[in-house]
Amino acid sequence: MAKLYFHYSSMNAGKSTALLQANHNYGERGMKTMLFTSSVDTRKAVGLIRSRIGIEQKAHLFDSETNLLEMFRNLKPRSPIGCILIDEAQFLTKRQVEQICRVVDEEGVPVLTYGIRTDFLGETFEGSRYLMAWADEIKEIKTICHCGKKATMNARVDSFGKMETEGDQIEIGGNERYVSVCRNCFRNAITNPIKSLED
């Protein structure tokens, strides 16, 4: 039976790597997949899901206006689709999460989504909020804070490594802008223990 899955983590935990591995597994079994990624993330080549370890795969783009159910129905080939995989799922809208629920329920196709749960202020993204509410299965991809505890938060840092507490919810960046930290380090704005000792 098809299900909707939400795989979440803090930044830099290997979500894209996990998605690409799942895609590879389906391919090895001779099953076709459809990959989607957000047009918001402009760090990568357009229409490409790329892992930090160097693997990549072409994907369809979505933005806030994309009807994912309609897109799936228009793009699906004559041979059956084994799975849909969505990267940057935090950028989905409530309406789009409803649409992928319909892909699962009406089309019988599993949908695996991958994204971060919260922004740099600790607030949930719209897509993540509804995936947490409606997904059949929720799985955490774990990574660690610099202090050794499990990282659950995404701190946005300036060029000096200091945590920022104001700004737009969406600002694309990598290791130069975001640090995965535990809740305690997030609350105390500790993003770099060495610099904190020097201050």
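Just so it is clear, none of the values below were taken in a lab; they were calculated from the coordinates. Model, not experiment: these values are computed from the prediction. A quick note on method: Cβ atoms are made from the backbone with ideal geometry, for glycine too, and the neighbour counts reach across all protein chains shown.
For the chain, give the magnitude of the charge dipole about the Cα centre (Cβ charges: +1 Lys/Arg, -1 Asp/Glu; no others), in debye to the nearest 20.
Magnitude of the dipole: close to 640 debye.
Within 10 Å, count the other beta carbons around each residue, average over each peptide in 79-86, 132-139, 25-32, and list them highest first.
Those peptides, ordered most packed to least, come out 79-86, 132-139, 25-32.
With unit charges on the beta carbons (Lys and Arg positive, Asp and Glu negative) and the dipole taken about the Cα centre of the chain, which residue among Gly122, Gln169, Tyr26 sits farthest to the positive side?
Tyr26
Spin-label point model (7 Å from Cα, Cβ direction): what's the Arg78 to Thr165 distance in nm?
6.2 nm
Any idea how far apart Ile144 and Ala2 come out in nm if each label point goes 7 Å out from Cα toward Cβ?
According to this spin-label approximation, the distance is 4.0 nm.
Evaluate the distance, in nm, between pseudo-label points positioned 7 Å from the Cα of Leu61 and of Thr124 along their respective Cα→Cβ axes.
Result: 2.9 nm between the two label points.
Starting from the alpha-carbon convex hull of the range 72-149, give the projected area averaged over all orientations, in nm².
In nm², the orientation-averaged hull projection of the range 72-149 is 6.4.
Counting Lys +1, Arg +1, Asp -1, Glu -1, what net charge surrounds Cys83 among other residues with beta carbon under 11 Å of its beta carbon?
Charge balance in the 11 Å sphere: +3.
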